[in-house]
Amino acid sequence: MLSRGRGLYVVTPDEPETARLLAKVARVLAARPVLLQYRNKFAPAALRREQAASLLVLCRAAGVPMLVNDDLALAIEIAADGVHLGRDDGDAAAARRALDALGPGRILGVSCYNQWARAVAGEAAGADYVAFGAMFASPTKPAASRASLALLGRARRELKAAVAAIGGITLENAGALVAAGADLVAVISDVFDAPDPGARARAYQELLRGWNNRGGSCGE
């Protein structure tokens, strides 16, 4: 299981230019986020493999685990540190077995949207974290269903898996999510669309370190 300490979970934007993507990610990795997820919904398979493999090199050098979004086969092919699965991306228990076959410490995350039952099932299948959202209006998924702050607190109290929040997160509203129970705040636009993505990532890390230094558990 992942640590219950609070931290930034960065998710890459749909960037077609690999060099530009790598340059932005390199600046963000300097802030030492807890996790990085490679996500590109629109790239063809060959570009996705190129970008994922290149990002994995950067992440390994920085000591930051890299997960692949929605594509277990790609995660296995490049020996990534884990995979994040949505509702249509395959069986979580099968993914857990496949990741374990790669070696110890691989990370499985599952999207739970606003559905408590998915979180319970995800943990039972071996998920290291369960992700709820969209927490706020999201520029990445404007039509996404909204999840409640109460779900974060319930998950923190009742589950052993780490709790991630995603969707519309900004530096200004991230504290409310952590106060409600989130261990991880997963951010795309507010980091990668910032004038200085590295500085924005560092600001998140400073905010979240402040919560860690308070001690105790969120949502309890």
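So here's what we get for this one:
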| read-out | value |
| --- | --- |
| Stretch gain in nm, segment E50-A179, where the contour uses 0.36 nm per residue and the Cα spacing is subtracted | 42.6 nm |
| Whole-angstrom gap from segment 159-189 to segment 17-37, using each part's C-alpha centre | 19 Å |
| Sorted by Cβ density within 10 Å, fewest first, the residues F136, F192 | F136, F192 |
| Label-point separation in nm, E17 to R4, each point 7 Å along Cα→Cβ | 4.4 nm |
| Size of electric dipole in the chain: Cβ of Lys, Arg +1 and of Asp, Glu -1, about Cα centre, debye, nearest 20 | 440 debye |
| Dipole moment magnitude, nearest 20 debye, segment 143-220 about Cα centre, only Lys, Arg, Asp, Glu C-beta charged | 300 debye |
| Paramagnetic label zone (point 7 Å from Cα along Cα-to-C-beta, S189; backbone N under 13 Å) in segment 143-171 | 143-144, 167-171 |
| Added length on full extension, which subtracts the Cα-Cα distance from 0.36 nm per residue, A124 to N213 | 29.0 nm |
| Calculated Rg and Dmax of the Cα atoms in Å (choose from (i) 16.5, 55; (ii) 15.9, 46; (iii) 17.7, 61), label | (ii) |
| Sites D89 and T170 - FRET efficiency at Förster radius 35 Å, r taken between beta-carbons, to 0.05 | 0.85 |
| Residues S145, S111 arranged by fewest to most Cβ contacts within 10 Å | S145, S111 |
| Virtual spin-label span in nm between A117 and A79, 7 Å along Cα→Cβ | 4.0 nm |
| Fewest-first sequence of K41, K160 by Cβ atoms within 10 Å of each Cβ | K160, K41 |
| Under 15 Å from the Cα of K41 - aspartates and glutamates, other chains or at least 8 residues apart | D14, E15, E17, E50, D70, D71, D88, D89 |
| Segment 87-197, relative contact order in percent, only Cα pairs under 8 angstrom and at least six apart counted | 20 percent |
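Where a number appears in this text, it was derived from the coordinates with a stated rule and is not lab data. This structure is a prediction, so every number in the text was calculated from the model and none was measured. Glycine also receives a Cβ, built like all others from the backbone with ideal geometry; neighbour counts cover every protein chain displayed.
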